[in-house]
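S.K.: Quick one: the structure is below, questions incoming.
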Amino acid sequence: MKGKAGRSIAALCDVREAVSRFCDEQLSRRLDTQPVAEIHEKVAACVQTVDPMMTPYIFGSTAVLGVHEQGSDVDFVCLNPTDIKDGKGADSVSEVAKGLQSDFLFRLSEVVKREHYLWGIELVRRTRVPVLRVKGGLGVDAVNFDVTAHRRNGVRNSALLRAYFTQCPEARWLSMLVKQWSKKTGLNSSVDGGCITSYGWNIMVVYYLLRRKLVTLVPVESCDVADIAPMPPYMPLETPQQGGQTLADMLMDFVRYYLDEFAPETEVMSLTRAAGETTKEMLSWTKQAEDMARIRGEKIHYRWCIEDPYEYDLNVGRNVTPFKLMLLRKHLERAQETAFLLLA
Ligand code: UPU
Ligand code: MG
């Protein structure tokens, strides 16, 4: 089959079979959040020693998907009652705020070292968000996790994505398929030379679902940390409907949308306003801004624009250079032939 630009497109029945194999394989694995609950308890005990007022919240993929994929890392943020009560408050980006976050994480690292001397720890202060990276345990049972402090945005953006993914039964599967593909192609930031984080890919998935009216807009202000549980409830995955046909169609339509319909020159993937309404011009994400803007010395690109729903003026796609954009397009074209490498 040939697509709009004469590209070969994988036969849909093959895609359905491949998609359903992917889902079966996932479903045969352990996906419950018990291992996360166990690590949460250990982290909570250390946090308690440092500051009894602080509570560790889990966010990131466990919260977004409601499942824990073995080997995937866990994200914690420690919040105090003031942070929680002001659960819709903006996170401060000042150096003073970052200093306070780093101080807490340093004290936590000392306790973790004492209590779990086999765990590997690294305190990363110089990033946009200070983070304590922990390799908890040894061998196959090791769980890697990141701890941050006093920042609500991760909890809020995870709850926002979760609120979208629970609106449509295929959404979580689509997110998992896209994530796996982005890692295999090297487009995911977790891979050397990658350019879009899993968080960014998830926003792209949701933006696509909104554009297709498969989900309805969730107001960003509706996510309030005060209403969110520190440990997100497990949401078992279900076998996709119609033997995976709907999901297979959606997967191929996702590629089509980003190759042929999304307008990267003018449009911004945004969850802040109705889908399709946000332009680069509105955000002043222009060529001129691109020439000026830097974050800690690194150039910001406005070639592939994904507006962070809670950070002010932050393009989640800022690492997509003109060259990376070309690679992204090439991989999307390849994905049409290989159904996200499921048929490769
Ligand atoms: O909010 C963001 N913005 C980003 O640019 C990247 C990540 N995130 C949140 O962290 C989002 O909720 C995502 O689901 C979650 C997990 O991302 P991950 O596994 O890359 O771990 C992050 C770690 C290393 O970048 O630092 C987070 O634990 C933490 N981090 C934040 O909490 C990083 C950036 C940030 N917030 O804005
Ligand atoms: Mg993480």
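The values are calculated or read from the model by the stated rules, or taken from the named source; none is laboratory data. What you see is a predicted model, and the numbers here were worked out from it, not measured in a lab. Note that each Cβ is placed from the backbone with ideal geometry, even for glycine, and that neighbours are counted across all protein chains shown. Surface areas here come from the heavy atoms of the whole protein model, side chains and all, with no ligands, DNA or RNA. Shrake-Rupley method; radii C 1.70, N 1.55, O 1.52, S 1.80 Å.
S.K.: Please go through the residue pairs 113/324; 113/299; 280/330; 135/330; 2/184 and name each one whose alpha carbons sit more than 32 Å apart in this structure. It would help to have the intermediate numbers written out before the result.
M.R.: Values: 113/324 40 Å; 113/299 36 Å; 280/330 23 Å; 135/330 35 Å; 2/184 25 Å.
From the list (113/324; 113/299; 280/330; 135/330; 2/184), the Cα-Cα distance tops 32 Å for 113/324; 113/299; 135/330.
S.K.: Express the carbon and sulfur contribution to the solvent-accessible surface of the stretch 94-161 as a percent, rounded to the nearest whole number, probe 1.4 angstrom.
M.R.: Carbon plus sulfur share of accessible area: 54 percent.
S.K.: Let me ask something additional. Gaussian network model of the chain, Cα springs within a sub-10 Å range: biggest mean-square fluctuation belongs to which of 19, 43, 140?
M.R.: The residue with the greatest mean-square fluctuation here is 140.
S.K.: Using a probe of 1.4 angstrom, how much of the accessible area of the stretch 244-344 is carbon and sulfur, in percent? Could the numbers behind the result be given before it?
M.R.: Numbers: 2360 of 4610 Å².
Using a 1.4 Å probe with all protein chains present, the stretch 244-344 comes out at 51 percent carbon and sulfur.
S.K.: Follow-up question, since we're still on this one. Residues with beta-carbon under 14 Å from that of residue 51, excluding residue 51: net charge, scoring Lys, Arg +1 and Asp, Glu -1? Don't skip to the end; give the middle numbers.
M.R.: Working: positive: 107; negative: 83, 103, 110.
Local charge sum for residue 51: -2.
S.K.: If you don't mind, there's one more thing I want to ask. Roughly what angle does helix 153-165 make with the longest principal axis of the chain, taking Cα atoms, 0 to 90 degrees, to the nearest 10?
M.R.: Here the helix axis deviates by roughly 40 degrees.
S.K.: At 1.4 Å probe size, with every protein chain present, just tell me what the per residue accessible area of the chain comes to in Å². Mind dumping the intermediate values first?
M.R.: Details: 16050 Å² over 344 residues.
Here the per-residue accessible area is 47 Å².
S.K.: Taking the Cα centre of the stretch 73-178 as origin, work out the dipole magnitude from +1 charges on Lys and Arg Cβ and -1 charges on Asp and Glu Cβ, in debye rounded to 20.
M.R.: Dipole size: approximately 200 debye.
S.K.: Let me ask something additional. For helix 322-338, what angle does its Cα long axis make with the longest principal axis of the chain, in degrees from 0 to 90 and rounded to 10?
M.R.: The angle comes out near 60 degrees.
S.K.: How far is helix 12-27 tilted, in degrees, relative to the longest principal axis of the Cα atoms in the chain, given as a value from 0 to 90 rounded to the nearest 10?
M.R.: 20 degrees
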